[in-house]
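Okay, structure first, notes after.
The values are calculated or read from the model by the stated rules, or taken from the named source; none is laboratory data. Just so we're clear, the structure is a prediction, and the values are computed from it rather than from any experiment. Here Cβ is always computed from backbone atoms with ideal geometry, including for glycine, and neighbour counts include all displayed protein chains. Heads up: the accessible areas ignore ligands, DNA and RNA and are worked out on the full protein's heavy atoms, side chains in. Shrake-Rupley method; radii C 1.70, N 1.55, O 1.52, S 1.80 Å.
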Amino acid sequence: MNALAPMPARPVQAVRAAPDIVVVNDYAHIQGGGSKVAIVSAAALARRGHRVTFFAAVAPVDPDLAASGAEIVCLGQPDMLGDPSALRAALRGLWNGEAGRRFGAVLDRLDPACTIVHVHGWMKALSSSVVRAATDRGFRVIGTLHDYTAVCPNGGLFNYRSAAPCTLTPLSPRCIATDCDARNYGHKLWRVARHAVQQRHGGFSRPFARYVCLSDLNRRLHVGRLPEGARMEMVRNPIDVPRGPPADPARHHTFLFVGRLAAEKGPLLFATAAAEAGVPAAFVGDGYLAAAVRAAAPQAELTGWQPAEAVARRLRHARALVFPSLWPETQGMAVSEAAALGVPAIVSDGCAAREAVEDGVTGLLFRSGDAADLRRQIERCRDDALVARMGRAAHARFWADPPTVDAHVRALVALYAQVLEDEGGHG
């Protein structure tokens, strides 16, 4: 199967029986792009008649997921940041024994010969104990590479001190000695310990049945870092935007950021460039840099996290989406969501979202980390004709081959069928 193209749909009948599907994610609600994909895909699979179990640690449960017919097992545990006990959070982050036991009990009701375990997120609450529970029982495990937690102690292949991508070999002496953590070096050493536990005890030293990558950059940065024999397949994340006429971005003035207000996402870079360019800016999302963003761009609007419908309305009334990620972002779903609505994006050339933009045609690229170059591209968008033309082109390009929820589910079903037919597919 071509690892660089969406997988062709294959009939479920190709498998001996329709498989049980167990989706694993730290959160039972949408908290970032990875959780959104896990929840949207699980709900869509359940609505299409598949037997789906969703296993998570952190409540509340997303209402759409709850109404989908999927069986939901949510432990009601806090994530590490939300745990009032720092000691418990640190220990659970290394190895969440309760999560492993509870997940094992779920799996004991299922047949490994006709069950897929699809892992999306484990680092913030569940720990790698859930992967070990699956591999010990002979279940086939698929992991979606939403970030780089499978290969990097801090999960981002990113040095938070230098605000630059990292090229060191994970767990090498230079890696361990490098203070790359967003907090402090002590926390970096804890991350190194967690990664070592993950590799040696959590089932990560052997390849999963498959790894799902989300972009060419995402695939390339995992090559040589995953266990020997790892097999990657491209499955595009679902973009759940109804088709409609393109927006008219030239009528609007606000430049929009959507995402976590965290260093690797580049919100301060955008705040600085927007303030210097004197353009209206809005930030949809939240995070520890909120106060710093307010200080850098006092006139900007900060909305906090918003429901999907509200984000879509914001995008429709934006002049452009600004996507200034500093880390090697694995996809950048907001760029595709903007294109689906007919809104151009200004994107860092160091992240995978650049793969969704043709510079000067469907959006604009700027040099990663360069506030002056970002400001230059923002100022180019004062041209109404350019903005209108790029918005229409982005809309046409997206809908020529849209990564809809249906297309995503068909690709997943095809992958599950292939893995179950593959006698060497055990994780």
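Values for this structure:
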| item | result |
| --- | --- |
| Tabulated pairs, segment 38-49, first more than 11 Å from Ala70 (Cβ to Cβ), second of a type in the set (Lys, Arg) and crowded, with 24+ Cβ neighbours inside 10 Å, C-beta under 6 angstrom, 6+ apart or interchain | none |
| Residue in segment 139-152 that is farther than 18 Å from Asn25 by Cβ and either out of contact with any Pro (no Cβ under 7 Å at 6 or more places or on another chain) or not in a loop (DSSP other than H, G, I, E, B) (or both) present | no |
| Residue match in segment 236-246 (condition: surrounded by fewer than 20 Cβ atoms within 10 Å (Cβ to Cβ), modelled with pLDDT of 95 or more and farther than 23 Å from Ala340 by Cα) | no |
| Options Leu189, Leu171; residue that is in a loop (DSSP other than H, G, I, E, B), in contact with a helix residue (DSSP H, G or I) (Cβ under 9 Å, 6 or more places away or on another chain) and more than 27 Å from Asp370 (Cβ to Cβ) | Leu171 |
| Output for segment 319-350, where each listed residue is of a type in the set (Gly, Ala, Ser), assigned to a loop (DSSP other than H, G, I, E, B) and either touching a strand residue (DSSP E or B) at 6+ places or on another chain (Cβ under 6 Å) or farther than 26 Å from Gly155 by Cβ (or both) | Ser325, Gly332, Gly342 |
| Search result, residues across segment 103-123 that are out of contact with any helix residue (DSSP H, G or I) (no Cβ under 7 Å at 6 or more places or on another chain) and either more than 19 Å from Asn154 (Cβ to Cβ) or buried (at least 24 other Cβ atoms within 10 Å of the Cβ) (or both) | Ala105, Val106, Asp108, Arg109, Leu110, Asp111, Pro112, Ala113, Thr115, His118 |
| Answer from Val131, Val117 - the residue that is β-branched (Val, Ile, Thr), assigned to a helix (DSSP H, G or I) and within 22 Å of Asp422 (Cα to Cα) | Val131 |
| Complete set of residues in segment 306-363 that are over 24 Å from Tyr211 (Cα atoms) and of a type in the set (Val, Ile, Thr) | Val311, Val322, Val343, Ile346, Val347, Val357, Val361, Thr362 |
| Selection within segment 103-114 - hydrophobic (A, V, I, L, M, F, W, C) and either assigned to a loop (DSSP other than H, G, I, E, B) or touching a Leu at 6+ places or on another chain (Cβ under 9 Å) (or both) | Phe103, Leu110, Ala113, Cys114 |
| Which listed residue, of Ser68, Ser35, is under 21 Å from Ala125 (Cα atoms) and small (Gly, Ala, Ser) | Ser35 |
| Arg382 vs. criteria outside any helix (DSSP H, G or I) and surrounded by fewer than 20 Cβ atoms within 10 Å (Cβ to Cβ) | yes |
| Residue that is nearest to Ala196 (Cα to Cα), among those in segment 56-102 that are open to solvent by less than 40 Å² (accessible area, probe 1.4 Å) and either in a helix (DSSP H, G or I) or among the aromatic types (Phe, Trp, Tyr) (or both) | Gly93 |
| When residues of segment 261-282 are limited to those that are part of a loop (DSSP other than H, G, I, E, B) and in contact with a Phe, Trp or Tyr (Cβ under 9 Å, 6 or more places away or on another chain), the one surrounded by the fewest Cβ atoms within 10 Å (Cβ to Cβ) | Pro280 |
